[in-house]
1. Check off (1) surrounded by 14 or more Cβ atoms within 10 Å (Cβ to Cβ); (2) in contact (Cβ under 8 Å) with a residue 12 or more places away in the chain for residue 44 and give me the number that stays unchecked.
2. Working carefully through the options 107, 115, find the one that is over 13 Å from the mean Cα position of the chain (by Cα), at pLDDT 95 or above and among the aliphatic types (A, V, I, L, M).
3. Taking only segment 105-121 into account, find how many residues are part of a helix (DSSP H, G or I) and exposed (fewer than 12 other Cβ atoms within 10 Å of the Cβ).
4. Out of 26, 20, 36, report the one residue that is over 22 Å from residue 111 (Cβ atoms) and modelled with pLDDT of 90 or more.
5. Between a residue in segment 97-121 that is without any contact (Cβ under 8 Å) to a residue 60 or more places away in the chain and any residue that is surrounded by 13 or more Cβ atoms within 10 Å (Cβ to Cβ) and among the hydroxyl-bearing types (Ser, Thr, Tyr), which pairs come within a Cβ distance under 7 Å, given they are 6 or more apart or on different chains?
6. Among (1) on the phi > 0 side of the Ramachandran plot; (2) at pLDDT 95 or above, which single condition is residue 91 missing?
7. Within the bounds of segment 51-73, is there any residue that is at negative phi, outside any helix (DSSP H, G or I) and either among the aromatic types (Phe, Trp, Tyr) or within 20 Å of the chain's Cα centre (by Cα) (or both)?
8. Looking only at segment 59-97, count every residue that is surrounded by 12 or more Cβ atoms within 10 Å (Cβ to Cβ), of a type in the set (A, V, I, L, M) and more than 14 Å from residue 21 (Cα to Cα) and tell me the total.
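The values are calculated or read from the model by the stated rules, or taken from the named source; none is laboratory data. Treat the numbers as computed from the prediction; the structure is a model and nothing was measured. Cβ placement follows ideal geometry from the backbone for every residue including glycine, while neighbour counts extend to all protein chains displayed.
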Amino acid sequence: MNRPLSPHLSIHKKVLTAVFSIFHRFTGIGLSVGAFLLSCWIIILALGEKYYGIFQTISSFFIFKVILFLWTLAIFYHLYNGIRYLIWSYGKMMDLKIVYKTGYAVLVLSFMSTLMVWLLV
C-alpha cells in the first residue's frame, strides 16, 4: 500500500540524448540572461564615464571572467547542439551510434570554439 505510484528517477539510466537536451535548455536560459546583461552593458556605456568606471571595476573580478567564459561556452554548445537537432528534424543521422558520435562532437567543437575565441580574440 505504501509503494510509489511510478518508478523513482534514480532507477533510470542516464541517456546521453536526455542529458544533452537538458543542457540545451539550460544554455538557452543562460543565453537569455546573458543577452539581458549584454543590453545592460550597452546602457551603462550610454550613461557615461562614471558608470563605465563602475563596470570596469566589476569586470576586473575573476568571477566575471569565469561567467563570461561559461557564457561563451553556452553560445557554442547551444549553436552546435541546435544544428544537431535541426538535422534530426529532417530525419537524418538518427542511428544510435551516430547520435552518440555527434553528441561527443558537439562537446568537442564547443570547447574548441570557446578556447579559440578566448585565446585568439
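1. Residue 44 satisfies every listed condition except (2).
2. Values: 107 fails: over 13 Å from the mean Cα position of the chain (by Cα).
Unique residue meeting the criteria: 115.
3. Kept after step one, since they are part of a helix (DSSP H, G or I), are these residues of segment 105-121: 105-120.
From what is left, the residues that are exposed (fewer than 12 other Cβ atoms within 10 Å of the Cβ) are 108, 112, 116, 119-120.
Number of matching residues: 5.
4. On the way: 26 fails: over 22 Å from residue 111 (Cβ atoms); 20 fails: over 22 Å from residue 111 (Cβ atoms).
Result: 36 is the single residue among 26, 20, 36 that is over 22 Å from residue 111 (Cβ atoms) and modelled with pLDDT of 90 or more.
5. 109/80; 110/77; 110/80; 114/72; 117/72; 118/72
6. Just one mismatch for residue 91, condition (2).
7. Within segment 51-73, the subset at negative phi is 51-73.
Checking the rest, the ones that are also outside any helix (DSSP H, G or I) come to 60-61.
Subsequent filtering for residues that are either among the aromatic types (Phe, Trp, Tyr) or within 20 Å of the chain's Cα centre (by Cα) (or both) retains 61.
The answer is yes, given that some residue of segment 51-73 is at negative phi, outside any helix (DSSP H, G or I) and either among the aromatic types (Phe, Trp, Tyr) or within 20 Å of the chain's Cα centre (by Cα) (or both).
8. Looking only at that region, the number is 7.
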